[in-house]
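Working notes for the structure below.
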Amino acid sequence: MRVMKDPAEVGEYVGMLRRNRITCGFVPTMGALHAGHAALIERSVQENDRTVVSVYVNPLQFGAGEDLATYPRTLDADVALCAELHADVVFAPSVKAMQPPGRVTVVTVRGVSDDFEGAQRAGHFDGVATIVARLFNVVRPDRAYFGQKDYQQTVVVRRMVADLAFPLDVVVCPIVRDPDGLALSSRNRYLSPEERVVALRLPRALESAEMLVLAGECDGAAIRAHMAAKLTPADSSDAPDSADAVERDGIDADVEYAEIVDPMTLTPIERLTGHAVLLAVLRVGTTRLLDNRIVAPPGTPAWER
Ligand code: AMP
């Protein structure tokens, strides 16, 4: 496996692949790789002749006051994991290589970028789309792999790929969770053990809302209210005793949003008639935790994305 820092070197490598009709899968990441990233890399290795993993902490997608400076950077361990998983290239460019001097072009995906993460984190999706577009042009993959974990990001990237005619397929992989249900995230390491107990409210609330949907509830407002109740400290009936204890000890948890939305447009759903996505963010202490779940009323045919 090779580690490349220079986009020109990656360009040369993928040029060779293209000339020889060797397929290339691409997994963009910000590093600090965990089993969620590993699942994307494994899928790419299965489906393509070669796999390129990018490790780039993208300053453009961090807002003022976010954790850019402290975001975990573990390149040596990331390279070792990629080698173990049989990836072929780790592309770890510098900020200078990704933001050329004089850069003025910004990719804005309107509409689907506006709410949720877009509303909470000004400029976030412009930063994502601008850098993902640049990475796509450097790596020129046949397939690019993204996690359902960042659901809105998958919608934004698919829209950009369709609108700008990038010649590649976007593949979205399921969320990988810890055994207790918490979705894996590089930011979970910021949680204290007490905060982690409170964090479990998030997957549990979404699972509980799915149960409600499967029991026949189709009213968007009722599903929203159910999630809100499960996420707020007043309703800790299904949380273990220890969770009650830490709340009394003052763990600060705040629901930024808990919505049920259309899977393609991300507009709120009033009446559920097919597939929908439960989207939620719980901030525990200073850590923002994202989660989502795709739901549908009983008997809905499988969804082809
Ligand atoms: P990040 O390094 O956070 O930018 O994530 C890189 C890619 O890994 C994104 O497409 C994420 O959605 C995906 N990812 C992160 N966490 C998970 C997870 N728990 N399960 C599946 N994919 C994930």
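Go ahead and set up a Gaussian network model of the chain, Cα springs under 10 Å, then flag whichever of G11, G250, G65 fluctuates most.
G65
Cα gyration tensor of the stretch 113-179, axes a ≥ b ≥ c as square roots of the eigenvalues: rounded (a/c below 1.5), prolate (a/b > b/c) or oblate?
Note, shape of the stretch 113-179 comes out oblate.
For the chain, what does the accessible surface come to per residue with a 1.4 Å probe? Please give it in Å². Kindly include the intermediate steps, with their values, before the conclusion.
Numbers: 13860 Å² over 305 residues.
It amounts to 45 Å² per residue over the chain.
Can you send over the solvent-accessible area of M264, 1.4 Å probe, protein chains only, in Å² to the nearest 10?
120
Using only the Cα atoms, work out Rg/Rh for the stretch 2-173, with Rh taken as the Kirkwood radius, to two decimals. It would help to have the intermediate numbers written out before the result.
Numbers: Rg = 15.2 Å, Rh = 16.3 Å.
We get a ratio of 0.93 for the stretch 2-173.
Considering only protein heavy atoms, with the full assembly of protein chains and a 1.4 angstrom probe, order V138, V261 by accessible area, largest first.
Numbers: V138 25, V261 0 Å².
I get V138, V261, largest accessible area first.
Note down the nm distance, to one decimal, between modelled labels 7 Å out along Cα→Cβ at D169 and at A64.
The modelled label-to-label distance comes out at 4.4 nm.
Please go through the stretch 74-113 and write out the trypsin sites (Lys or Arg not before Pro) that DSSP classes as loop and that have at most 15 other C-beta atoms within 10 Å. Kindly include the intermediate steps, with their values, before the conclusion.
Working: sites: K96, R103, R110; in loops: R103, R110.
Sparse-neighbourhood loop trypsin sites (Lys or Arg not before Pro): R103, R110.
Would you calculate, for the chain, the mean residue ellipticity at 222 nm contributed by helices, counting each DSSP H stretch of 4 or more residues as -39,500 (n - 2.57) and dividing by all residues, to the nearest 500?
Working: 11 runs with 114 residues, N = 305.
My calculation for the chain gives -11000 deg cm²/dmol from helical runs alone.
Run the reach check for K149 against lysines, Cα to Cα strictly under 23 Å, same-chain hits fewer than 8 apart removed. What comes back?
Qualifying lysines at Cα under 23 Å: K230.
Go through the stretch 118-133 residue by residue and turn each phi into a ³J(HN,Hα) via Karplus (6.51, -1.76, 1.60, θ = phi - 60°); whole Hz please, and just put x for glycine and proline.
x, 6, 6, 10, 4, x, 4, 6, 4, x, 5, 5, 5, 7, 4, 4
Please give the solvent-accessible surface of L214 in Å², to the nearest 10, using a probe radius of 1.4 Å with every protein chain present.
90
Residue by residue through the stretch 178-186, what is 3J(HN,Hα) from phi via Karplus (6.51 cos²θ - 1.76 cosθ + 1.60, θ = phi - 60°)? Round to whole Hz and write x for glycine and proline.
5, x, 7, x, 5, 5, 5, 7, 4
With a 1.4 Å probe and every protein chain kept in, tell me what percent of the accessible surface of the chain is carbon plus sulfur.
Details: 7150 of 13860 Å².
C and S fraction of accessible area: 52 percent.
Go through the stretch 30-128 and name the GluC sites (Glu not before Pro) that are in a DSSP coil and have 16 or fewer other Cβ atoms within 10 Å of their Cβ. Intermediate results must be reported in sequence, preceding the final value.
Numbers: sites: E42, E47, E66, E84, E117; in loops: E66.
Hits after loop and neighbour filter: E66.
Using only the C-alpha atoms of the chain, find the volume of their convex hull and express it per residue in Å³. Walk me through the numbers on the way to the answer.
On the way: hull volume 42.2 nm³, N = 305.
Each residue corresponds to 138 Å³ of Cα convex hull volume.
The values are calculated or read from the model by the stated rules, or taken from the named source; none is laboratory data. Keep in mind the model is a prediction, meaning the values are calculated, not measured. Note: ideal-geometry Cβ built from the backbone for every residue, glycine included; neighbour counts use all protein chains shown. These area figures cover heavy atoms from the full protein model, side chains too; ligands, DNA and RNA do not enter into them. Shrake-Rupley method; radii C 1.70, N 1.55, O 1.52, S 1.80 Å.
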